1. Would you check the accessible area of Lys257, probe 1.4 Å, heavy atoms only, in square angstrom rounded to 10?
2. As a test question: what accessible area, to the nearest 10 Å², does Asp131 have when a 1.4 Å probe is rolled over all protein chains in place?
3. Cα centroids of the range 281-333 and the range 210-261: how far apart, whole angstrom?
4. Do any GluC sites (Glu not before Pro) in the range 96-201 lie in a DSSP loop with no more than 11 other beta carbon atoms within 10 Å, and if so, which?
5. Sum -39500 (n - 2.57) across every DSSP H segment of at least 4 residues in the chain, then divide by the residue count to get the 222 nm mean residue ellipticity, nearest 500.
6. Among DSSP bridges having both ends in the chain, what percentage is antiparallel? Round to the nearest 5.
7. Using each residue's phi in the range 192-205, evaluate 6.51 cos²θ - 1.76 cosθ + 1.60 at θ = phi - 60° and report the 3J(HN,Hα) Karplus result to the nearest Hz, with x for Gly and Pro.
8. Do me a favour and compute the ellipsoid semi-axes for the chain from its Cα gyration tensor, root of five times each eigenvalue, largest one first, whole Å.
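The values are calculated or read from the model by the stated rules, or taken from the named source; none is laboratory data. Bear in mind that the values here come from a model prediction, so they are computed numbers and not experimental data. Don't worry about glycine lacking a Cβ; one is built from the backbone with ideal geometry, like all the others, and counts go over all protein chains shown. To get the accessible areas, we keep the full protein, side chains included, count just its heavy atoms, and leave off ligands, DNA and RNA. Shrake-Rupley method; radii C 1.70, N 1.55, O 1.52, S 1.80 Å.
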Amino acid sequence: MSFYDISRRPRRLRRSLAMRELVSQTRLHPSDLILPLFVADGLDDKREIASMPGQYQHTIETLKAIGHEALEAGVRCVDLFGVPLEEDKDAEGSAGLREDGILNRALREMRAEFGDDLVIMADTCLDEFTDHGHCGVEGVDKYGNHVVLNDATVDLYAKMALAQAEAGAHIVSPSGMMDGQVAVIRAALDEAGWYDVAIMAYSAKYASAFYGPFRDAVGSSLTGDRRTYQQDPANARESLLEVQLDIEEGADMVMVKPAMPYLDVLAEVATSSPVPVAAYQVSGEYAMLHAAARNGWLELERTMMESLTSIKRAGADQILTYFAIDAAKALHG
């Protein structure tokens with residue numbers, strides 16, 4: 001056997017699990033993970049979402065149960081999305097603002113159940129609650145085009161954020177990509193005395209094809225698309241502008257969504273942001289890994305952990321992922 005004069009042998013640091021862990025540059029921890037959850041009105045028991053294996057529309061009681069499971073696994077934050085009855089949807093998404101709406105009821109119950117032990121985040125957007133499925137109020141612009149009206153929508157976001165703060169949310173998360181939404185929400189919260197309620201801004205949210213299963217999860221009424229307000233997948237610089245504006249307007253955290261198709265954007269945002277940066281591993285990313293694993297094409301746990309590590313490596317401080325509990329358990333061995 002020949003031996004060559006190779007002074008640098010990087011494989012030395014890969015020869016055992018203990019050695020690899022000793023020199024690992026990127027470390028994933030359960031507390032980095034945020035679990036998105038769906039709570040639906042009118043259910044007697046949780047209902048599985050066909051396009052998202054292992055994910056459910058929850059009742060308030062099963063929501064509490066999964067909250068305890070998450071906390072036990074080391075996941076310290078959940079993000080709640082409300083699914084109203086079809087008959088409660090209207091043009092302005094008023095069920096999302098009402099004290100007795102499903103999301104605000106769930107927030108109240110979850111805060112009472114967990115106090116400050118589990119950070120409770122609320123989705124601050126109208127799309128689940130509107131009968132047209134858009135993230136805001138529809139109207140007609142000066143050219144006669146049907147559009148989502150920015151400023152009228154932002155007014156409703158402020159009211160929605162106030163309702164969520166009053167219901168017990170630690171964090172509100174405006175996801176509609178309306179201009180000025182963070183500033184208006186921050187001002188409304190502060191004026192009402194909710195200084196301690198944080199804002200996680202969906203700052204770089206792309207008009208992505210990876211959201212399909214999510215729309216099943218919330219029973220979306222959307223026809224058409226959201227390209228006039230969510231970002232063009234071809235653009236990266238625009239994300240830096242959106243992030244900068246949201247930080248100037250008072251965002252406590254910013255987000256890139258989706259995660260894996262936009263790791264380049266995430267890395268740029270993470271390099272420049274003075275506030276924590278989150279990334280959302282969205283429903284399509286989750287569903288693809290499950291589908292491939294069910295066909296025997298991928299090993300689910302390894303690809304799950306590799307995907308999350310790649311997001312963390314790109315610069316995410318927090319990762320919203322439907323894998324949160326499974327990944328936390330895998331990290332515990």
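1. Lys257 exposes around 10 Å² with every protein chain in place.
2. Surface open to solvent at Asp131 totals about 80 Å².
3. 20 Å
4. Here the GluC sites (Glu not before Pro) that fit, given the DSSP loop and packing criteria, are Glu99.
5. -11500 deg cm²/dmol
6. 15 percent
7. Karplus-based 3J(HN,Hα) across the range 192-205 equals 8, x, 8, 5, 8, 7, 8, 10, 9, 8, 6, 7, 10, 10 Hz.
8. Taking √(5λ) for each eigenvalue gives 35, 23, 20 Å, largest first.
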